[in-house]
Amino acid sequence: MGNIVDPLPSWHDGKVKQGIISFVEQVCDQHSPNFVPIENRIATFDNDGTLIVEKPVMAQVAYFKRKFFNQHVLNTTSHSKRIRHWCKTAIFDFFNIMKVGCYFLRKGMTTEEYRASVARWISQAEHPRFNTQYTNLTYQPMLEVLAYFQQNNFSNYIVTGSTANFVRPWSQEAYQVSVNRVIGSSLKTKLSKRNNNLTVKLEPIPFSIESRARKVLSIERRISIRPIAAFGNSYGDVDMLRWTSNKHSLCVLIHHTDSVREYKYSPNCRFKFWGKNTLCYAKALNWHVVDMKNDWKTIFRSPT
């Protein structure tokens, strides 16, 4: 009998790893009462903090801040003014992503130009702490989950609060997830004409911000099939996980507990008055909670 290949080698043996493997085995076994046909094997993954590092700010925020620095802050005259400006315009939520994005798009950047700009930036920009490209800071254990699901005929979708057009230029290379399987926030667009050719221009008006209920509504609109697996790491992912959650599904919450190899922070909402917190939902609904420090042998992708 040959050696059994471990599909998740970067995971420590434990409840979460065994839960993922057991789930896949059951839904793929035609003799199992939990068998799921291939066309219904839908898995959804949040991006920032679930598949890739999101601190000190998400990659898209870093992109916008770099652009804003180049186009606006360099025009200020003093170093102290720049520091005060960044303190005043610190960006940590989806609404501010949109506001800063609108600043750049007011002149009518096309969707193609925006994706090309992102592609150039993501190929060169380095994370301020780890001094490597952002795509090298995808989580190796989660890349293994994506590959394991794909090998077992799952359709993997990224459902992100970042704009879809920000993630699409690098989703295939980083995650093996095609551009048509990226669902994300978006700005309003319009069909326009440039040099007698039709183009699609971005307008400085938010169209959809993918957080909480919007993630569920966008999944329903785009896929029309309820996922059987969902992965997230924050309060913004709660509704997607709740919508997926049943006794035969797989719901996984990533808890960032490793301040040495990555960052340590809570998945709970920063605003305590917003009802039940994320970890309470996880406990009540029997979601798997990844303790990053203890469940993952390694954090970031293996060098190629």
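Carbon-plus-sulfur accessible fraction, the range 139-289 (probe radius 1.4 Å, protein heavy atoms only): 51%.
Which of the peptides 291-300, 232-241 is most tightly packed, and how do the rest follow, going by the mean number of other Cβ atoms within 10 Å of each residue?
Sorting 291-300, 232-241 by mean packing, highest first, produces 232-241, 291-300.
Tyr148 sits among other residues whose Cβ lies under 14 Å from its own Cβ, and their net charge, with Lys and Arg +1 and Asp and Glu -1, is -1.
Net charge of the neighbourhood of His12, taken over other residues with C-beta under 15 Å away and scored Lys/Arg +1, Asp/Glu -1, is -1. Computed with a 1.4 Å probe over protein heavy atoms only, the accessible surface of the range 195-304 comes to 54 Å² per residue. Here Ile209 sits with roughly 30 square angstrom of accessible surface, probe radius 1.4 Å. Other residues whose C-beta falls under 11 angstrom from the C-beta of Gly49 contribute a net charge of -4, scoring Lys and Arg +1 and Asp and Glu -1. Among the trypsin sites (Lys or Arg not before Pro) in the range 101-206, those located in a DSSP loop and surrounded by at most 13 other Cβ atoms within 10 Å of their own Cβ are Arg106, Lys107, Arg129.
Each part gets one Cα centre, and for the range 208-231 versus the range 115-183 those centres are 18 Å apart.
The values are calculated or read from the model by the stated rules, or taken from the named source; none is laboratory data. For clarity, every value in this text was computed on a predicted model and none was experimentally measured. Please note: Cβ atoms are built from the backbone with ideal geometry, for glycine as well, and neighbour counts cover all protein chains shown. Just the protein is used for accessible areas: all its heavy atoms, side chains included, with ligands, DNA and RNA removed. Shrake-Rupley method; radii C 1.70, N 1.55, O 1.52, S 1.80 Å.
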